[in-house]
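First comes the structure, then the notes that go with it.
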Amino acid sequence: MSEENSRWLCHVCGYSSDIGTGQACAECYKICCRQHLTVTGVYNPESGLYELQQICVECQFKKTL
Ligand SMILES: [Zn+2]
Ligand SMILES: [Zn+2]
């Protein structure tokens with residue numbers, strides 16, 4: 001099998017596609033599909049601004065524990 005297309009796989013649900021690119025979680029850097037990524041505002045003390053980060057459901061779940 002050749003790898004001419006960069007196929008990505010969601011580490012949460014196992015969904016795989018070669019259409020577009022998978023989004024990487026800002027916490028664990030694993031690839032996720034859109035359904036399992038949530039955009040959250042993370043406060044950056046250096047800039048004093050809230051930055052939007054894409055976090056997967058697994059990391060989000062860990063944060064709420
Ligand atoms: Zn998924
Ligand atoms: Zn994650």
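The values are calculated or read from the model by the stated rules, or taken from the named source; none is laboratory data. All figures in this text were calculated on a predicted structure; none of them were measured in a lab. Glycine gets a Cβ as well: all are built from the backbone with ideal geometry, and neighbour counts include every protein chain shown. Remember, those area values only see protein heavy atoms, side chains included, never the ligands or the DNA or RNA. Shrake-Rupley method; radii C 1.70, N 1.55, O 1.52, S 1.80 Å.
Descriptive notes on the structure:
- The chain - accessible surface per residue (Å², probe 1.4 Å): 79
- Shape of the chain, Cα gyration tensor, a/c cut at 1.5: prolate
- For VAL57, the shell of other residues with beta-carbons less than 12 Å away shows a net charge of +2, using +1 for Lys and Arg and -1 for Asp and Glu.
- Among 48-58, 21-31, the order from most to least packed when residues are scored by Cβ within 10 Å on average: 21-31, 48-58
- Within the accessible area of the chain, the carbon and sulfur atoms contribute 53%, probe 1.4 Å, all protein chains present.
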